[in-house]
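First, the structure itself, so that you have it in front of you.
The values are calculated or read from the model by the stated rules, or taken from the named source; none is laboratory data. Every value quoted in this text rests on a predicted model; they were computed, and no experiment measured them. As a convention, Cβ positions derive from the backbone with ideal geometry for all residues, glycine included, and neighbour counts pool all protein chains shown. In case anyone asks, the SASA skips ligands and DNA or RNA and just uses the protein heavy atoms, side chains included. Shrake-Rupley method; radii C 1.70, N 1.55, O 1.52, S 1.80 Å.
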Amino acid sequence: MAQIKNEAAYRAALARIEELLLLVNDETPTDDKNYLELDMISDMVEEYEEIYYPIGKPTLIEVIKLRLYEMGLTQKKLAEMLGLSNARVSEILNGKSEPSLKIGREISIKLNIDPAIVLGI
């Protein structure tokens, strides 16, 4: 399969995808030329982005902050939920200290965060 070799080609591919998205929808047959082109270019863009724009795993702090936002919770409310002082939660959320295994377990349970994320694996 062809590859995107530089940023200019990448930008052109993104522009073409935008054009094709106007022509292709859920009812478009999979053998339609626009559908096939969109599928092919999308794969090429994905491959290029995996190399030049990789998305790393989020940190525990980022996941906690996202979950707090999703659940509409404040740092103070999290401290109450975990039975910690607001200062201790602040230290964890600012990366100044890591939660103990016990607190990590509570974070996992109360915020519904995968234990593997809490453990950093």
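Do we have any residue at all in the range 13-22 that's among the β-branched types (V, I, T) and within 30 Å of S108 (Cβ to Cβ)? Spell out how you get there, then give the answer.
Residues of the range 13-22 among the β-branched types (V, I, T): 17.
Checking which are within 30 Å of S108 (Cβ to Cβ) leaves us with none.
No, that holds for no residue.
Output the residues belonging to the range 1-15 that are assigned to a helix (DSSP H, G or I) and within 13 Å of D43 (Cα to Cα).
To start, the set of residues in the range 1-15 that are assigned to a helix (DSSP H, G or I) comprises 7-15.
Within the range 1-15, Y10, A13, L14 meet the criteria.
Next question. Of all the residues that make up the range 37-64, how many are among the aliphatic types (A, V, I, L, M) and open to solvent by 90 Å² or more (accessible area, probe 1.4 Å)? I'd like the intermediate steps shown before the answer.
If we filter the range 37-64 for residues that are among the aliphatic types (A, V, I, L, M), which is where we start, we get 38, 40-41, 44-45, 51, 55, 60-61, 63-64.
Remaining after also requiring open to solvent by 90 Å² or more (accessible area, probe 1.4 Å): 40, 51, 55.
Qualifying residue count for the region: 3.
To continue, here is another question. Yes or no: the range 53-68 includes at least one residue that is of a type in the set (V, I, T), more than 28 Å from D114 (Cβ to Cβ) and touching a helix residue (DSSP H, G or I) at 6+ places or on another chain (Cβ under 8 Å). So that I can check it myself, show each step before the final result.
Taking the range 53-68 as the starting set, the residues that turn out to be of a type in the set (V, I, T) are 55, 59, 61, 63-64.
Filter again for more than 28 Å from D114 (Cβ to Cβ), leaving none.
No, the range 53-68 has no match at all.
Which numbered condition trips up I109, out of (1) farther than 15 Å from L60 by Cα; (2) surrounded by 12 or more Cβ atoms within 10 Å (Cβ to Cβ)?
(1)
List every residue pair whose Cβ atoms lie under 8 Å apart, where the two residues are 6 or more positions apart in sequence or sit on different chains, the first residue falls within the range 71-99 and is closer than 15 Å to L60 by Cβ, and the second residue, located anywhere, is aromatic (F, W, Y) and open to solvent by less than 60 Å² (accessible area, probe 1.4 Å).
none
Can you tell me how many residues in the range 26-78 are over 18 Å from the mean Cα position of the chain (by Cα) and assigned to a loop (DSSP other than H, G, I, E, B)?
So the answer is 10.
If you don't mind, there's one more thing I want to ask. Just for the range 79-106: of the residues that are of a type in the set (S, T, N, Q) and assigned to a helix (DSSP H, G or I), which one is least open to solvent (accessible area, probe 1.4 Å)? Please lay out each step first, then the result.
We begin by selecting, within the range 79-106, every residue of a type in the set (S, T, N, Q); these are 85-86, 90, 94, 97, 100.
Restricting the remaining residues to those that are assigned to a helix (DSSP H, G or I) gives 86, 90.
Working: N86: 78, S90: 35 Å².
Per the stated criteria, the residue is S90.
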